[in-house]
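A.B. asks: Input: one structure, supplied below.
The values are calculated or read from the model by the stated rules, or taken from the named source; none is laboratory data. The structure displayed is predicted, hence computed values, not measured ones. Note that we place each Cβ from the backbone using ideal geometry, even for glycine, and neighbour counts take in every protein chain shown. All accessible areas refer to the heavy atoms of the entire protein, side chains included, with ligands and DNA or RNA removed. Shrake-Rupley method; radii C 1.70, N 1.55, O 1.52, S 1.80 Å.
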Amino acid sequence: MAKNGFKLIDAEMHVMEPVDLWQRYIDPEFKARAPRRLDERRWDIRTLAERYGEEIARHFDPGTQVRAMDKEGLDLAILFPTSAMYVTAFTRMDPHFAAAACRAYNDWLHDYIGAADPKRMFGAAAVSPHEVESAVGETRRAVTQLGMKAVFLRPNIYNERPWHDGYYDPLWAACQELNVPVGFHETTGSRMKAAGADRFKNLGIAHIATHSMEQMLACMDVIMGGVMERFPRLRFAFLEGQCGWLPFWLGRMDEHYEWRAPYGEMTHLAMPPSEYFRRQGYCAVECDEEFVAHVVDAFGDDNLVTTTDYPHGDSKYPNAMDRFLALPLSDRSKQKILWDNALRLYAL
């Protein structure tokens, strides 16, 4: 498509699931307790109703996803969930029900993409952290049978178990073997513990902290906990949490790597934390995040991607890509962030 001479990949576009998705798609044994998304009428009271009027009227059907991509000038997009970010977002949960909810979403997403444009859109599969065996099985099914290009996880801690716990190693091994990345994405307002939400009950305030800080903690978790060391070909993306924290946070990890090494605390890592991120990590730039210029100066432009965040309230749609192209970056950096890096991240 080429916009202003650039080809564009949205590294984390979203879908808006229909209210009856789980009633239609979940395994019969769970139909009586199928999750249900809030009705579209909730949109009427929001400022979004005008901006997404056409999409709401058409219940965000597959055609609206294609039109949204065309409005933004997107060539390709990786589709992440909206409601499905919440269905397994409980600190503890019936693992079989959680796995069934993920299977249902993935089946629906496969059908949705097939009805839209499977040559331009690719799915990020939802898997349940509540039981690693089912997560591994669903990852394999979603990638080999449904054509998904990534696995989606919340960065929050499930069942008081950090991501570097050996319990999750079978999932990381499967993703590495299948050559699909793990995309971490936070959502404010769930029933899980989230940085900032423990002390600010106003969601608008808590949202300042949750997205970026949970991504920072997940990034620290998989690097300092040795996940990237144990799985050197596994790629991780930290999405919708801005990128300004990246040089500071990696620098702080590097400093502790040096400081704590004499205490014997770093023997599980073979190189400085920032080098693991250079090899395996990606971070999403907000379309209007001018601070990205400092991030590129400090860390480079090989590990950054960007997104429209369509169709969420804080998205700049339908002008997100125009705003990105206006950022104070070189054309070479823009090309990497809009296309080259996302191709590598998702092995497209």
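A.B. asks: Mind telling me which of 145, 215, 65 comes out most flexible in a GNM of the chain, alpha-carbon contacts under 10 Å?
C.D. replies: Between 145, 215, 65, it is 145 that shows the largest mean-square fluctuation.
A.B. asks: Which ³J(HN,Hα) values, rounded to whole Hz and listed in residue order, are derived for region 132-149 from phi using the Karplus coefficients 6.51, -1.76 and 1.60 in 6.51 cos²θ - 1.76 cosθ + 1.60 with θ = phi - 60°, glycine and proline given as x?
C.D. replies: Values per residue, Gly and Pro as x: 5, 4, 6, 5, 5, x, 6, 4, 4, 5, 5, 7, 7, 9, 9, x, 5, 10 Hz.
A.B. asks: So which trypsin sites (Lys or Arg not before Pro) in region 226-305 pass both tests, a DSSP loop state and at most 12 other Cβ atoms within 10 Å of the Cβ?
C.D. replies: Counting only loop positions with at most 12 other Cβ atoms within 10 Å, the trypsin sites (Lys or Arg not before Pro) in region 226-305 are 233.
A.B. asks: Compute the accessible area per residue over region 259-299, keeping the other protein chains in place, probe 1.4 Å, unit Å².
C.D. replies: 51 Å²
A.B. asks: Just in region 3-103: which trypsin sites (Lys or Arg not before Pro) are loop by DSSP and have at most 14 other Cβ atoms within 10 Å?
C.D. replies: Passing both the DSSP loop test and the Cβ count: 36, 46, 58, 92.
A.B. asks: Mind listing the long-range amide H neighbours of residue 306? Cut-off is under 5 Å, sequence gap 5 or more, other chains count too, H placed in the peptide plane at 1.01 Å from N.
C.D. replies: For residue 306, the qualifying residues are 11, 285.
A.B. asks: Same structure again: Would you work out what percent of the accessible area of the chain, with all protein chains in place, is carbon or sulfur (probe 1.4 Å)?
C.D. replies: The nonpolar share, carbon plus sulfur, comes to 53 percent.
A.B. asks: Under a 1.4 Å probe, what is the accessible area of region 1-152 per residue, stated in Å²? Provide the component values of the computation, followed by the final result.
C.D. replies: Numbers: 6320 Å² over 152 residues.
Result: 42 Å² of accessible area for each residue.
A.B. asks: What are the ³J(HN,Hα) couplings of region 59-67, residue after residue, when phi is run through the Karplus curve with 6.51, -1.76, 1.60 and θ = phi - 60°? Round to Hz, x for glycine and proline.
C.D. replies: 6, 6, 6, x, x, 5, 5, 5, 5
A.B. asks: Provide the per residue accessible area, probe 1.4 Å, for region 155-242, rounded to a whole number of square angstrom.
C.D. replies: Accessible area per residue, region 155-242: 40 Å².
A.B. asks: Can you work out the Karplus-derived ³J(HN,Hα) for every residue in region 75-88? Use 6.51 cos²θ - 1.76 cosθ + 1.60 with θ = phi - 60°, whole Hz, and x for glycine or proline.
C.D. replies: Whole-Hz 3J(HN,Hα) from phi for region 75-88: 7, 9, 8, 9, 9, 10, x, 10, 4, 5, 5, 9, 5, 10.
A.B. asks: Next up: When 1/r is averaged over all different Cα pairs and the result inverted, which Kirkwood radius in Å belongs to the chain?
C.D. replies: Computed over the chain, the radius equals 20.5 Å.
A.B. asks: For region 42-135, which chymotrypsin sites (Phe, Trp or Tyr not before Pro) are in a loop by DSSP, counting at most 13 other Cβ atoms within 10 Å? Before the final figure, lay out each step's value.
C.D. replies: Working: sites: 43, 52, 60, 86, 90, 97, 105, 108, 112, 122; in loops: 52, 60, 86, 90.
When the chymotrypsin sites (Phe, Trp or Tyr not before Pro) of region 42-135 are filtered for loop state and at most 13 Cβ neighbours within 10 Å, nothing remains.
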